[in-house]
Amino acid sequence: MNNLTLIQAVKDQKPLVHNITNQVVMNFSANGLYAIGAQPVMAHAREEVVEMASNANALVLNIGTLTGELVDSMILAGQAANKKGTPVVLDPVGVGATHFRTEAAKRIIDTVQLTAIRGNAGEISQLAGIDAEVRGVDATGEIDRIEVAKKAQRELDIPIIVTGETDVIVTEEKCLELNNGTPLMTQVTGTGCLLTAVVAAFLSVSETTLDGLVAAVSFYTIAAEVAAQTVTSPGSFQVAFLDALSEVGIDDCQKRLQIIREERS
Amino acid sequence: MNNLTLIQAVKDQKPLVHNITNQVVMNFSANGLYAIGAQPVMAHAREEVVEMASNANALVLNIGTLTGELVDSMILAGQAANKKGTPVVLDPVGVGATHFRTEAAKRIIDTVQLTAIRGNAGEISQLAGIDAEVRGVDATGEIDRIEVAKKAQRELDIPIIVTGETDVIVTEEKCLELNNGTPLMTQVTGTGCLLTAVVAAFLSVSETTLDGLVAAVSFYTIAAEVAAQTVTSPGSFQVAFLDALSEVGIDDCQKRLQIIREERS
Amino acid sequence: MNNLTLIQAVKDQKPLVHNITNQVVMNFSANGLYAIGAQPVMAHAREEVVEMASNANALVLNIGTLTGELVDSMILAGQAANKKGTPVVLDPVGVGATHFRTEAAKRIIDTVQLTAIRGNAGEISQLAGIDAEVRGVDATGEIDRIEVAKKAQRELDIPIIVTGETDVIVTEEKCLELNNGTPLMTQVTGTGCLLTAVVAAFLSVSETTLDGLVAAVSFYTIAAEVAAQTVTSPGSFQVAFLDALSEVGIDDCQKRLQIIREERS
């Protein structure tokens, strides 16, 4: 898997990842980005987001603890990134849980050119116009992640990552299903949000979007898997996961990578 | 103690706990709620709090890093929860330290029907109209927690938890004093705030308020006690505590529970 | 080193440290302050910052996730602290990365009497009017920290700490260079911000500014060094560092302290 060399490219290029993200995961996202060798910056004031995004190598828009002002900042930052050709990744946390989040996600999708969207099956269903129950910010019920990802990619014409028991990546060309990770990820807040930030970092050093998405998701879930080898509870897992994100290399990934589906989309 | 079965009820029912809380403890509160098997959501924009609170199983109002907008959001969310009969728990962080916090707490108490209030002796003294020194957000000086809790419960007609070296619960019917926990809890930020969130989760699966309060406080402080068996410093304690919150079960609690006072109030 | 007795003075006096700080590091800063024996409070609403700062023993102004409202609050709090003679320490996070941060830092410096400023070489260069590249919030490139610190101290007439591979302290009287710490500090978000808060705590119990700065920086970096003896990765380091901040005492510091330069400034 040649795209796994992107793990090293992040460490070498230390991309500056500008996060406009939620207050719950800011610390964990910053620490996770440092762990993989990227350089995080959090900034959300409308007075500075254009300048910050223009100088960054990637932009993360995460609607987890949204306000009206933050939506405006996200759109300003997103459009500034677009002007520079900088990758922009959206994490539509809890979209569908309230009308406010749903409208905000739509406004962002309509006004910013997104490089990718990452969410759980419930969130991506909402964006794809599939009727799914969303309570709070966690996925509920049984949803076919592959169908959801494909429909969202077609409807929005944006590469999609749907994470869950397996992780599905759908771009215009390909649909992949990856089977790495650990259920402990669902017991620590921000593991989805941090993946979105890691995806942004990888996209900034990748030639193609597909390579960036596959490398980011596989590396990230394999690091989680490695961390789960030594711990069984969520407090310890969070610590071990940050450690693993800084330690896991190409070799570990090549040994553990489980692509269980790969087809034209 | 039959009410300890609520520990399992939280895991089975996975209550959605809506938190309007302070920026210091958002991450720790979310991780603590996941650890006990509940489902946290943080949302504070006035555009969405009514909808989020209406769909939640419990609501936490925490005035730790308050702004004027947040007070409005808390009242909107609280009244929405009241309409649905959803438990609402207030954490009056630092009330008395500034007039702004004191007025905000009063406004919330006057306009929202609270299921319980949890605070330290200084904070609850303020609400009870007892003159106590409050500097910052930590309890200072010697205050009789039982007297404070009883007076606050009578004045406000709301069940009260006063936490400290021992923890006091006073409802209309009963006054209990529990003697579990560890001094390490005072060295980690947010241990009080997270207890408030855990109380909210337990109340959402409990038939009576008293049962919910006793089960939540005893389970939580016993988990802290278990965590403190293996660590002596605050960094490690925070991790071990999150682990213990996910591991400690009814048996541990039955063995360790120390109710040192139980009387009609 | 007599000023190392300040380590114990913090534990004895438990100074209340009021932080108006960024959302990324609030939790880590609060936990770090508890670990050293201080008492943190986070409050930023303009309705309460004057009252909170007036009652605090030290004030931290950190512009990491700035908004226009926060700048106003910082100035109000800073002036209230000035009236009481309370130490005020500025952390100019990411100054130079955007015009908004640069203007904000200048406004604070112009309107509040600061006891000290702590930043990395890029940030302090900006304040000193030296042309340095600042992208995001991390130091980039090779800058002579001693020159930068001396120039900033002269231009602003405020004691300066420049942190990096070695740490430089410059006051009106002296220039010191300390050589403790570990590279792991650069892999955990908020290690600079927490040092600023620790400096504020030490200043509140110190008779002279120089003593407070030297004791805070040496104690803090030595605790990091001690933590790094047992761990090699950033997740574990964060935990071990909080532990070490609560454990490291005068003896450890005396053994490990490396002042590699001390001269009149």
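The values are calculated or read from the model by the stated rules, or taken from the named source; none is laboratory data. No experiment lies behind these values; they were computed from the predicted model shown. Because the Cβ atoms are built from the backbone with ideal geometry, glycine has one as well, and the counts that use them run over all protein chains shown.
Are any of the residues in the range A:66-77 touching a helix residue (DSSP H, G or I) at 6+ places or on another chain (Cβ under 7 Å), more than 12 Å from every other protein chain (Cβ to nearest Cβ), more than 14 Å from A:Asn19 (Cβ to Cβ) and modelled with pLDDT of 95 or more? Step through it out loud before you land on a result.
Taking the range A:66-77 first, the residues touching a helix residue (DSSP H, G or I) at 6+ places or on another chain (Cβ under 7 Å) are A:66, A:71, A:73-77.
Then drop every residue that is not more than 12 Å from every other protein chain (Cβ to nearest Cβ), which leaves A:74-76.
Right, trim to more than 14 Å from A:Asn19 (Cβ to Cβ) and you get A:75-76.
Okay, now just the ones that are also modelled with pLDDT of 95 or more, so A:75-76.
Yes - at least one qualifying residue is present in the range A:66-77.
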Next on the checklist: Would you confirm, using the coordinates I've provided, whether C:Leu90 is in contact (Cβ under 8 Å) with a residue 24 or more places away in the chain and in contact with a Leu (Cβ under 9 Å, 6 or more places away or on another chain)?
Outcome noted: yes
Checklist entry - Is there a residue in the range C:217-233 that is more than 16 Å from C:Leu4 (Cβ to Cβ), away from every other protein chain (no Cβ under 14 Å) and assigned to a strand (DSSP E or B)? => result no
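Listed here are the residues, each with its yes/no results for (1) within 17 Å of C:Leu90 (Cα to Cα); (2) over 17 Å from the mean Cα position of the chain (by Cα); (3) among the small types (Gly, Ala, Ser); (4) part of a loop (DSSP other than H, G, I, E, B).
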position	(1), (2), (3), (4)
C:Asn22	yes, no, no, yes
C:Asn27	no, no, no, no
C:Ala30	yes, no, yes, no
C:Tyr34	no, no, no, no
C:Leu61	yes, no, no, no
C:Met74	yes, no, no, no
Next on the checklist: Restricting to the range B:224-265, count the residues that are of a type outside the set (A, V, I, L, M, F, W, C), farther than 16 Å from B:Asn179 by Cβ and out of contact with any strand residue (DSSP E or B) (no Cβ under 6 Å at 6 or more places or on another chain).
Outcome noted: 14
Checklist outcome for this item: Filtering the range A:1-18 for residues that are within 9 Å of chain C (Cβ to nearest Cβ) and either touching a Ser or Thr at 6+ places or on another chain (Cβ under 8 Å) or among the basic types (Lys, Arg) (or both) leaves a count of 2
Item to check | Unique match (being over 12 Å from the mean Cα position of the chain (by Cα), aliphatic (A, V, I, L, M) and modelled with pLDDT of 95 or more) among A:Leu195, A:Leu213, A:Leu176 | outcome: A:Leu176
Checklist entry - Here are some conditions: (1) at pLDDT below 95; (2) closer than 30 Å to A:Asn55 by Cβ. A:Glu142 meets all but one. Which one does it not meet? => result (2)
Next on the checklist: Tell me whether the range C:52-64 contains one or more residues that are within 15 Å of C:Leu245 (Cβ to Cβ) and surrounded by fewer than 23 Cβ atoms within 10 Å (Cβ to Cβ).
Outcome noted: no
Item to check | Hits in the range C:19-37 - residues which are in contact with a Ser or Thr (Cβ under 7 Å, 6 or more places away or on another chain) and within 7 Å of chain B (Cβ to nearest Cβ) | outcome: C:Gln23, C:Asn27, C:Ala30, C:Asn31, C:Tyr34, C:Ala35
Item to check | Scan of the range B:36-58 for residues that are more than 30 Å from B:Ala227 (Cα to Cα) and part of a helix (DSSP H, G or I), ordered by number | outcome: B:Val49, B:Val50, B:Glu51, B:Met52, B:Ala53, B:Ser54, B:Asn55
Next on the checklist: If B:Asp72 meets every condition in (1) under 18 Å from A:Thr67 (Cβ atoms); (2) touching a strand residue (DSSP E or B) at 6+ places or on another chain (Cβ under 8 Å) apart from one, which number is that one?
Outcome noted: (2)
Next on the checklist: Based on this model, can you work out whether C:Ala116 counts as in contact (Cβ under 8 Å) with a residue 12 or more places away in the chain, within 17 Å of C:Cys193 (Cα to Cα) and within 13 Å of chain A (Cβ to nearest Cβ)?
Outcome noted: no
Checklist entry - What about B:Pro40, is it within 14 Å of chain A (Cβ to nearest Cβ), of a type outside the set (Ser, Thr, Tyr) and buried (at least 23 other Cβ atoms within 10 Å of the Cβ)? => result yes
Item to check | When residues of the range B:43-63 are limited to those that are of a type outside the set (A, V, I, L, M, F, W, C) and within 7 Å of another protein chain (Cβ to nearest Cβ), the one nearest to C:Ala45 (Cα to Cα) | outcome: B:His44
Item to check | Filter pass, A:Thr102 being surrounded by fewer than 21 Cβ atoms within 10 Å (Cβ to Cβ), touching a residue at least 60 places away in the same chain (Cβ under 8 Å) and within 30 Å of B:His18 (Cα to Cα) | outcome: no
Next on the checklist: Checking A:Thr230 against (1) in contact (Cβ under 8 Å) with a residue 24 or more places away in the chain; (2) exposed (fewer than 14 other Cβ atoms within 10 Å of the Cβ): exactly one of these is not met. Which one?
Outcome noted: (1)
Checklist entry - Looking only at the range C:76-110, which residues are under 20 Å from C:Val199 (Cα atoms), in a helix (DSSP H, G or I) and hydrophobic (A, V, I, L, M, F, W, C)? => result C:Ala77, C:Ala80, C:Ala81, C:Ala105, C:Ile108, C:Ile109
